[in-house]
Every structure is written in structure tokens, then in C-alpha cells.
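Comments concern the structure below.
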């Protein structure tokens with residue numbers, strides 16, 4: 001089974017469409033959206049695009065999705081209360097663009113997802129770590145990984161992509177990003 005994972009879309013429909021075209025050529029069997037579909041400039045169109053796919057799609061909730069959902073529910077999180085206005089405004093705007101059915105959809109996304117991939121076994125997908133969606137460091141302990149790619153959360157200006165190739169057979173290692 002071929003599983004593709006896409007993270008940090010941030011409602012950028014043109015970029016998503018380009019990625020989806022590549023995935024069609026790769027003939028993937030399932031798509032995992034690993035969080036942060038939102039916020040961004042084209043939230044309705046992006047969600048509808050993902051929901052219309054012929055390929056089965058599984059969603060993981062990211063911190064951006066969580067913040068938009070909180071706004072739709074009329075709640076302010078600690079992150080929202082303490083963040084600069086320039087970070088809050090896109091969250092608020094995105095929440096205002098969506099409908100009640102989107103609120104129900106976002107509320108149904110879990111923080112983690114396990115997909116069984118024949119060649120690998122059970123694979124855990126999460127937005128940052130299984131317990132926290134905004135951490136910058138991941139403690140890797142007793143894993144056997146051939147290669148992996150870690151992308152940071154693009155909601156924060158200090159983020160940058162890091163692509164380590166790992167070959168861990170034991171012990172612990174912290175990967176910073």
C-alpha cells in the first residue's frame with residue numbers, strides 16, 4: 001500500500017493542487033493530512049478539495065486547525081490569548097469563513113492516527129509529537145528508521161524545514177527543528 005502524507009497546507013489551494021497532481025502520478029492508495037489544513041487564504045476551497053478526492057483521506061489535527069476550531073466554538077486558547085495580533089487575525093478570519101459543518105469536521109480530527117502499512121507495520125502520524133502539536137523538539141527513543149523527514153510548523157516565523165536522514169537502532173536522540 002502506498003500512503004502519502006501532507007502537512008502544513010495552511011489553506012494554500014494552488015500549492016495543494018500541485019502536490020495532489022504529483023500524488024495522482026504516484027498512484028497512492030491513501031492520503032494522510034497531518035495537520036494544519038488551516039488557517040490560510042483559501043480555507044473553504046482547500047477543505048472541499050480534500051473532501052472531494054477519490055483517494056481515501058485521513059486527517060490529523062494540527063495546532064492551526066485546533067485554533068480555528070476554538071474560534072468557531074467561541075473559545076480562546078492560551079495560545080490565542082498570548083499570541084501577537086498578527087498571528088491571531090488569520091485564525092479569526094479563517095474561522096469566520098467556515099460553516100457549522102466544517103466545525104463538526106474539524107472537531108472530529110484526532111491528534112494522532114495509526115495506519116497499518118504492510119511493509120512497515122503500524123505507522124503513527126501526528127502534527128508535532130503524539131502529545132503536543134507545537135513542540136519544536138522531538139525525542140526519538142528506541143526507533144528503527146531508515147529515513148525520515150521532519151517539517152516545522154509554518155505558523156511561526158522562526159520555522160524552517162529540516163530533512164534529517166536517520167538510522168537509529170537504539171538509545172535516544174533529540175531532533176530539533
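The values are calculated or read from the model by the stated rules, or taken from the named source; none is laboratory data. Nothing here was measured: the structure is a model prediction, and the numbers come from that model. Please note: Cβ atoms are built from the backbone with ideal geometry, for glycine as well, and neighbour counts cover all protein chains shown.
Look at (1) free of Cβ contacts under 8 Å to residues at least 40 places away in the same chain; (2) crowded, with 22+ Cβ neighbours inside 10 Å; (3) more than 13 Å from the chain's Cα centre (by Cα) and you find that residue 43 fails only one, number (1). The test for being at pLDDT below 95, buried (at least 17 other Cβ atoms within 10 Å of the Cβ) and within 19 Å of the chain's Cα centre (by Cα) holds for residue 126.
Matching residues to (1) under 25 Å from residue 129 (Cβ atoms); (2) out of contact with any strand residue (DSSP E or B) (no Cβ under 7 Å at 6 or more places or on another chain); (3) surrounded by fewer than 19 Cβ atoms within 10 Å (Cβ to Cβ); (4) free of Cβ contacts under 8 Å to residues at least 40 places away in the same chain:
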residue: 10; (1), (2), (3), (4): yes, yes, no, no
residue: 53; (1), (2), (3), (4): no, no, yes, yes
residue: 65; (1), (2), (3), (4): yes, yes, no, no
residue: 79; (1), (2), (3), (4): yes, yes, yes, no
